[in-house]
Amino acid sequence: MYDQEYGGAPGKRAMFARGRQSVRFPAPVFLESSASVVGKKEGEGPLGELFDAVGEDDLFGGNTWEEAESCLQRDALHLAVQKAGLNTTDIRCLFAGDLLGQGIATSFGLLQYEIPLFGLYGACSTCGLALSLGAMAVCGGFADHVGCVTSSHFCSAEKEFRFPLGYGNQRPLSATWTVTGSGAFILGSSRREGARAILTGITPGRIVDYGIRDSLNMGACMAPAAADTIACNLRDFGRAPEDYDQIVTGDLGSVGRQALLDLLAERGIDISQRHTDCGIEIYDAKRQDTHAGGSGCGCSAAVLSAYILKKIEEGSWRRVLFVPTGALLSKTSYNEGRNVPGIAHGVVLEHIG
């Protein structure tokens, strides 16, 4: 598809902006390689055979859950750079983040690479945020190659946001299971052998607050933001749902998916026949007892690398709208009784014809 739309070199700003908040890249940004590293539970799920590496010990050689998450990022980036046929010195900068306070999984995990780092926080939408900023850096001529990395870990997230594992609290059926995993992606300005897809546009998300305060129902908190971003993407690019082979949200799970479909139906938009969610795909909810599905920064990142890009590579899906979703809360805001706003970033990925 992209070769029918791109014919010239980058020009004036008017060529970039689309509608209220979207960007169409005047030249394709290639997703040169990717890698996924996940935990044991994720490896036992429906996508287990597709991940690059599965840990048998969820500490991944570390002494704490936070160290384990840093190991996830370190290993995922190493694999992605290796698969791209590059050296770490070829990577101009990194766009990376996680769920932990001050982004410690990222800062300690990527320290050894000595690559300039833009530390990000978009909650569970961080994969989309990193890809969006990385693609703009590449398309703008500021870097030939950038790395985009994110992660989450069930145990570190429970410790950060909810209850220590030893507390043994019960989880409601609306709760999602934070994925232990990391995804790393190398973006570049020119097509290299083995490139997996191209990024042709983005729709950065707005903060959307429907007044929800239930931090154990992440799907409901994030669904309004996903609906807003998807509707905006379709409007800005002048597209219908049928123009995408698949619209993939990041972390809504089964509860959030139904909320998303209902919210879009109120706007006259029906994506039910071409929508799936990474949080639904990564686990077998009945067999693995994950209730509403998966969430966390590592959820959409690992599923994108292992599953979505595979579908795009083989041509089963030729154009995909990838929409990771995030709940913008902290333990401080939750304990102070604040709402849980959401955000979702849309990334358009296309098959290389």
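The values are calculated or read from the model by the stated rules, or taken from the named source; none is laboratory data. Since this is a predicted model, take the numbers as computed values, not measurements. Glycine also receives a Cβ, built like all others from the backbone with ideal geometry; neighbour counts cover every protein chain displayed.
Here are the numbers for this structure:
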item	result
Check on Arg274, surrounded by 19 or more Cβ atoms within 10 Å (Cβ to Cβ), of a type in the set (D, E, K, R) and not assigned by TED's automatic domain parsing to the domain that holds Leu47	no
Glu49, sole failed condition from (1) within 22 Å of Trp177 (Cα to Cα); (2) within 19 Å of the chain's Cα centre (by Cα); (3) assigned to a helix (DSSP H, G or I)	(2)
Single residue of the range 331-350 satisfying the filter (of a type in the set (A, V, I, L, M) and in a strand (DSSP E or B)) that is farthest from Gly122 (Cα to Cα)	Leu349
The one condition in (1) outside any helix (DSSP H, G or I); (2) modelled with pLDDT under 95; (3) of a type in the set (D, E, K, R) that Lys159 fails to fulfil	(1)
Residue identified as part of a helix (DSSP H, G or I), aromatic (Phe, Trp, Tyr) and without any contact (Cβ under 8 Å) to a residue 60 or more places away in the chain among Phe118, Phe108, Phe142	Phe108
Failed condition for Arg196, given (1) surrounded by fewer than 19 Cβ atoms within 10 Å (Cβ to Cβ); (2) within 17 Å of the chain's Cα centre (by Cα); (3) among the basic types (Lys, Arg)	(1)
Tally, over the range 300-349, of residues that are over 22 Å from Phe51 (Cβ atoms), under 18 Å from the mean Cα position of the chain (by Cα) and surrounded by fewer than 22 Cβ atoms within 10 Å (Cβ to Cβ)	2
Residue check, Leu261 of a type in the set (A, V, I, L, M, F, W, C), farther than 23 Å from Ala27 by Cα and surrounded by fewer than 23 Cβ atoms within 10 Å (Cβ to Cβ)	yes
Count of the range 73-102 residues which are part of a helix (DSSP H, G or I), at pLDDT 95 or above and either farther than 10 Å from Ala184 by Cα or outside the structural domain of Ala135 (by TED's automatic domain parsing) (or both)	5
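A quick yes/no check of all residues on (1) touching a Pro at 6+ places or on another chain (Cβ under 9 Å); (2) closer than 23 Å to Ile282 by Cα; (3) surrounded by fewer than 23 Cβ atoms within 10 Å (Cβ to Cβ):
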position	(1), (2), (3)
Ser22	yes, no, yes
Leu31	no, yes, no
Lys40	no, yes, yes
Glu44	no, yes, yes
Asp52	no, yes, yes
Asp75	no, yes, yes
Ala96	no, yes, no
Leu100	no, yes, no
